[in-house]
Amino acid sequence: MRICVLTRNPRLYSTYRLLEAAQKRGHDVCAIDTLRCSINVAAHGPCIHYGGEKLEDYDAVIPRIGASITFYGLAVLRQFEVMGVYPTNESAAIGRARDKLRCLQLLAREGIGLPVTGFAHSPDDIHDVIRMVGGPPLVIKLLEGTQGIGVVLAETQNAAESVLEAFLSLHQNIMVQEYIHEAGGADLRCFVIDGDVVAAMKRQAKQGEFRANLHRGGQASAIEITDEERATAIAATKALGLNVAGVDMLRSSRGPLVLEVNASPGLEGIEQATNVDIADLVIQFLEKQVDTRQRFRSQG
């Protein structure tokens with residue numbers, strides 16, 4: 001099988017592990033810089049050029065598209081799809097997950113547990129959106145933020161109003177969420193592949209920090225999840241149409257609450273915490289899907 005990994009940096013842990021796993025399983029695999037791809041949109045013979053040359057045919061593509069290049073990255077991925085290349089996650093599904101507000105709206109439609117979330121545009125509605133989530137303490141998030149950047153805990157009414165006024169005056173899109181006290185500065189990351197949770201870890205925020213992201217000093221450890229947490233992670237992934245995802249959730253008094261669904265989840269923290277070879281499982285998933293497609297086409 002010929003596989004390409006769309007990435008800006010092949011030396012990143014997640015990319016390197018996927019390349020390594022594919023090679024170990026005997027596949028022809030390479031890393032392709034997403035921003036070096038140019039697209040030829042045509043009714044007959046659509047193709048992608050890379051470094052000035054027409055890209056060879058691939059059976060599968062693994063998109064590792066950073067948030068900063070979402071628009072162009074999804075355009076390139078869509079072109080692969082037009083060319084009949086199988087993606088671990090389709091472009092439309094990644095787009096749903098990358099839009100944090102739309103993601104939560106889709107999860108809410110499916111009845112999946114979420115923190116109470118408010119969204120407003122006008123500074124005149126600040127008081128209303130604060131009341132909407134039950135008042136302070138509350139969490140304010142930039143919709144474009146990643147790895148805990150742009151996430152603020154406002155512990156008082158004055159602090160909440162000041163932060164919201166500042167963000168809105170800078171024309172930033174923000175959402176406001178209730179603060180889940182009982183989570184104790186910890187969240188869960190469930191790694192889902194093809195409708196199954198293959199690994200799960202707990203991320204605990206460092207002392208004096210409420211964000212559990214590993215990039216912000218959080219500590220990761222393997223954890224046994226409940227049946228309800230497993231079902232929630234699977235349902236959230238399915239609601240967005242993803243095949244491979246990292247589902248972040250909080251443990252609360254009313255059950256698991258989904259914070260975010262990541263369509264390009266990192267492998268380093270969860271592989272090291274759980275000793276699960278997730279990269280190999282991703283390649284196994286691709287093998288199964290591509291084989292099924294090829295057999296279907298040969299029968300047709």
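The values are calculated or read from the model by the stated rules, or taken from the named source; none is laboratory data. Predicted, not measured: the structure shown is a model, and the values here were computed from it. Note that each Cβ is placed from the backbone with ideal geometry, even for glycine, and that neighbours are counted across all protein chains shown.
Suppose we keep only residues that are touching a residue at least 40 places away in the same chain (Cβ under 8 Å) and closer than 21 Å to Ala42 by Cα within the range 61-74. Which one would you say is surrounded by the fewest Cβ atoms within 10 Å (Cβ to Cβ)?
Val61
Tell me, yes or no, whether the range 200-217 has at least one residue that is closer than 29 Å to Asn89 by Cα, aliphatic (A, V, I, L, M) and modelled with pLDDT under 95.
Yes; the residues of the range 200-217 include at least one that is closer than 29 Å to Asn89 by Cα, aliphatic (A, V, I, L, M) and modelled with pLDDT under 95.
Assigned to a helix (DSSP H, G or I) and either closer than 17 Å to Glu144 by Cα or modelled with pLDDT under 95 (or both), is that true of Leu101?
Yes; evaluated as a whole, the condition is true for this residue.
In the range 93-112, what count of residues is obtained for those that are under 25 Å from Ala22 (Cα atoms) and among the small types (Gly, Ala, Ser)?
The total comes to 1.
Here's a check for you: in the range 175-206, which residue that is among the β-branched types (Val, Ile, Thr) and more than 18 Å from the chain's Cα centre (by Cα) is farthest from Val129 (Cα to Cα)?
Residue satisfying both the conditions and the ranking: Ile180.
Each row is one residue, and each column tells you yes or no for (1) touching a helix residue (DSSP H, G or I) at 6+ places or on another chain (Cβ under 6 Å); (2) closer than 19 Å to Pro265 by Cα; (3) not basic (Lys, Arg).
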position: Arg78; (1), (2), (3): yes, no, no
position: Ser91; (1), (2), (3): yes, yes, yes
position: Leu101; (1), (2), (3): no, yes, yes
position: Ile130; (1), (2), (3): yes, no, yes
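Identify, by number, the condition in (1) over 25 Å from Ala166 (Cβ atoms); (2) among the aliphatic types (A, V, I, L, M); (3) modelled with pLDDT under 95 that Val129 doesn't meet.
Failed condition: (1).
Can you tell me which residue among Phe191, Phe167, Phe119 is under 30 Å from Ala273 (Cβ atoms), surrounded by 15 or more Cβ atoms within 10 Å (Cβ to Cβ) and aromatic (Phe, Trp, Tyr)? It would help to see each step written out before you state the result.
Values: Phe167 fails: under 30 Å from Ala273 (Cβ atoms); Phe119 fails: under 30 Å from Ala273 (Cβ atoms).
Criteria check complete, one pass: Phe191.
So is Ile112 touching a strand residue (DSSP E or B) at 6+ places or on another chain (Cβ under 8 Å) and among the hydrophobic types (A, V, I, L, M, F, W, C) or not? Full working, then the answer.
On the way: touching a strand residue (DSSP E or B) at 6+ places or on another chain (Cβ under 8 Å): yes; among the hydrophobic types (A, V, I, L, M, F, W, C): yes.
Against the criterion (touching a strand residue (DSSP E or B) at 6+ places or on another chain (Cβ under 8 Å) and among the hydrophobic types (A, V, I, L, M, F, W, C)), Ile112 qualifies.
Can you name the strands (runs of 3 or more DSSP E) wholly within the range 1-78 that have at least 3 residues being within 22 Å of Asp280 (Cα to Cα)?
2-7, 28-33, 60-63
Read through the list (1) surrounded by fewer than 21 Cβ atoms within 10 Å (Cβ to Cβ); (2) touching a Gly at 6+ places or on another chain (Cβ under 9 Å); (3) over 30 Å from Gln79 (Cβ atoms), then give the number of the only condition that Ala92 fails.
For Ala92, the failing item is (3).
From the residues in the range 247-282 that are over 18 Å from the mean Cα position of the chain (by Cα) and assigned to a helix (DSSP H, G or I), which one is surrounded by the fewest Cβ atoms within 10 Å (Cβ to Cβ)?
The selected residue is Gln272.
Hey, among Ile112, Ile126, Ile94, which residue is under 19 Å from Gln172 (Cβ atoms) and touching a residue at least 24 places away in the same chain (Cβ under 8 Å)?
Ile126
Take Asn158 and tell me if it is out of contact with any Leu (no Cβ under 7 Å at 6 or more places or on another chain) and modelled with pLDDT of 90 or more.
yes
Would you point out which residue out of Leu77, Leu107, Leu55, Leu101 is crowded, with 17+ Cβ neighbours inside 10 Å, closer than 17 Å to Leu143 by Cβ and not assigned by TED's automatic domain parsing to the domain that holds Val133?
Leu107
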